[in-house]
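S.K.: What follows is a single structure, and I will ask about it in a moment.
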Amino acid sequence: MIDAIDASAPPTDEALVSAIRHERSEAAFAALYDRHTPRAFQTAWRLVGGNPHEAEDVVQEAWLRAVSSLDRWTGQSEFGAWFRAIAAHVAIDAVRKQGRLVLDAEADLAIDELSVDWMDMESAILSLAPGYRAVLVLHDIEGFTHEEIAERLGITAGTSKGQLFKARRAVRARLAPRIERRSS
Amino acid sequence: MTDHSFDEWTPEERAQLAEVGRHRSPRSELKGRTMRTLHERGLLGAIQLPRPRRQFAFGLAAAVVIFAAGLLAGYSVGLRRQVDERSPITNANAGPAREVARLDSPSTQSSATSGRHVVWF
C-alpha cells in the first residue's frame, strides 16, 4: 500500500501511477502532485504571462487530463516531462482561446513603448507577445524541439525558428539598457 | 539548436533564463481543489459498487412483494379451507356420501372379538 510506504524510500513514479490507476489511491496522487506540480506550475506561469491564477487553472486541468489518461504514459519517458508537456499544451490552449496567441511581429511591443528604462530577464520575457513568449519559453527554458513546438502551436518548424530568433532579439532589446548601464 | 547561432544566449543570460519563474509556486489550496475535482469525476477515491443504494432499494422492494404475495396466498388458502369445513352444501357436493356404521347384532354381541363393519356408499 502507498499509505504504508517508508518515507526513507520514496516510491517511484511508476509505483505511484500504478496505485492511482488500479486503486485510485489518494495518497499516491498526493505524492505525485507534490513531486511534479511545482515545475509544471512554473511552466504554465511562464506561458500564460505570469498570471498565477491562470497558471493554477492550467495545472488543475493538466492533472485532470493526466490522471484520466495515465494509461498513455508508458514509463519510457520521465513522468515529470510527460506531465509538463501536458501542462504546456493546456497553457497554450488557454492562451489561444483568449485570442492572445498571435505569431506576428506586429503584435510584439516595441521597446520604445515600454515605460521602464530597463527590464530583468523575467520581465522582458513576460512582456513579449504571447506567440513569441511561447516559442522562447518552450525552446529555451523547457527544452522542446522546434518540431514539437511546431506541432503544439500549429506552425512549421521553420516558423518556430524564425519566431525564436525574433523573440531573443526582442528580449535582448529590453535587457540592453540595463547592460549598458552596468558597463557604464 | 538554432540556425541563428550568432543570437545564442550568453552563459549569464542562460542562468537568468533558468531562473525565470523558478521562485513561483501555486497556492496550497490548489491541491485540495484538484483532488476534489478528481473525486467528482470518479478518477480518485475508493472504488464503489455501482449504485449500492438503488440495489438495496430494489432488493427491499422485491422482498416486500414476495412477502406480501406469500401472505395473500396463505390467507386465501386458509379462508377456503374454513369455508369448506362449515358449508353443508359444499360437503354434499363433495362426491359420494360415505357413512360408516357399526352394527352390533345380537349374534355378534357375545363375541367380544368379532364385529362387523358395514360401509355404505
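S.K.: List every residue pair whose Cβ atoms lie under 7 Å apart, where the two residues are 6 or more positions apart in sequence or sit on different chains, the first residue falls within the range A:136-151 and is more than 10 Å from chain B (Cβ to nearest Cβ), and the second residue, located anywhere, is surrounded by 20 or more Cβ atoms within 10 Å (Cβ to Cβ) and among the aromatic types (Phe, Trp, Tyr).
M.R.: So the pair list comes out as A:LEU138/A:PHE144.
S.K.: Taking A:ILE125 as the residue in question, decide whether it is over 12 Å from the mean Cα position of the chain (by Cα) and modelled with pLDDT under 90. Steps first, answer last, please.
M.R.: Working: over 12 Å from the mean Cα position of the chain (by Cα): yes; modelled with pLDDT under 90: no.
No, not satisfied.
S.K.: Only residues that are more than 7 Å from chain A (Cβ to nearest Cβ) and not charged (D, E, K, R): list them for the range B:19-36, please.
M.R.: Once the filter is applied, which keeps residues that are more than 7 Å from chain A (Cβ to nearest Cβ) and not charged (D, E, K, R), the range B:19-36 yields B:HIS23, B:SER28, B:GLY32.
S.K.: Taking B:GLU85, is it modelled with pLDDT of 70 or more and surrounded by fewer than 10 Cβ atoms within 10 Å (Cβ to Cβ)?
M.R.: Here the answer is yes, as B:GLU85 does meet what is asked.
S.K.: Please go through the range A:27-43 and give me each residue that is facing another protein chain (nearest Cβ under 10 Å) and either more than 14 Å from A:GLY80 (Cβ to Cβ) or not in a helix (DSSP H, G or I) (or both), ordered by number. If you could, list the steps in order and put the result at the bottom.
M.R.: Taking the range A:27-43 and keeping what is facing another protein chain (nearest Cβ under 10 Å), we get A:28-30, A:33-34, A:37-43.
Selection gives A:ALA28, A:PHE29, A:ALA30.
Residue by residue, here is whether (1) modelled with pLDDT of 90 or more; (2) crowded, with 16+ Cβ neighbours inside 10 Å; (3) on the phi > 0 side of the Ramachandran plot; (4) not acidic (Asp, Glu) holds:
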{"position": "A:VAL95", "(1), (2), (3), (4)": "yes, yes, no, yes"}
{"position": "A:LEU101", "(1), (2), (3), (4)": "no, yes, no, yes"}
{"position": "A:GLU113", "(1), (2), (3), (4)": "no, no, no, no"}
{"position": "A:ARG133", "(1), (2), (3), (4)": "yes, yes, no, yes"}
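Residue-wise test of (1) more than 8 Å from chain A (Cβ to nearest Cβ); (2) part of a helix (DSSP H, G or I); (3) modelled with pLDDT under 85.
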residue	(1), (2), (3)
B:LEU38	no, yes, no
B:GLY45	no, no, no
B:ALA57	yes, yes, yes
B:ALA69	yes, yes, no
B:ALA73	yes, yes, no
B:ALA94	yes, no, yes
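S.K.: Give the residue that is surrounded by the fewest Cβ atoms within 10 Å (Cβ to Cβ), with candidates limited to residues of the range A:55-83 that are within 11 Å of chain B (Cβ to nearest Cβ) and of a type in the set (Asp, Glu).
M.R.: Within the range A:55-83, the subset within 11 Å of chain B (Cβ to nearest Cβ) is A:55-70.
Then keep just the ones that are of a type in the set (Asp, Glu); that gives A:56-57, A:61.
Details: A:GLU56: 21, A:ASP57: 18, A:GLU61: 20.
Only one residue tops the list, namely A:ASP57.
Results for (1) at pLDDT 90 or above; (2) crowded, with 22+ Cβ neighbours inside 10 Å; (3) not aromatic (Phe, Trp, Tyr); (4) not assigned by TED's automatic domain parsing to the domain that holds A:HIS89, shown as yes or no for each residue.
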site: A:ASP120; (1), (2), (3), (4): no, no, yes, yes
site: A:VAL137; (1), (2), (3), (4): yes, yes, yes, yes
site: A:ASP140; (1), (2), (3), (4): yes, yes, yes, yes
site: A:HIS146; (1), (2), (3), (4): yes, yes, yes, yes
site: A:ILE149; (1), (2), (3), (4): yes, yes, yes, yes
site: A:GLY158; (1), (2), (3), (4): yes, no, yes, yes
site: A:ALA173; (1), (2), (3), (4): no, no, yes, yes
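The values are calculated or read from the model by the stated rules, or taken from the named source; none is laboratory data. Keep in mind the model is a prediction, meaning the values are calculated, not measured. Because the Cβ atoms are built from the backbone with ideal geometry, glycine has one as well, and the counts that use them run over all protein chains shown.
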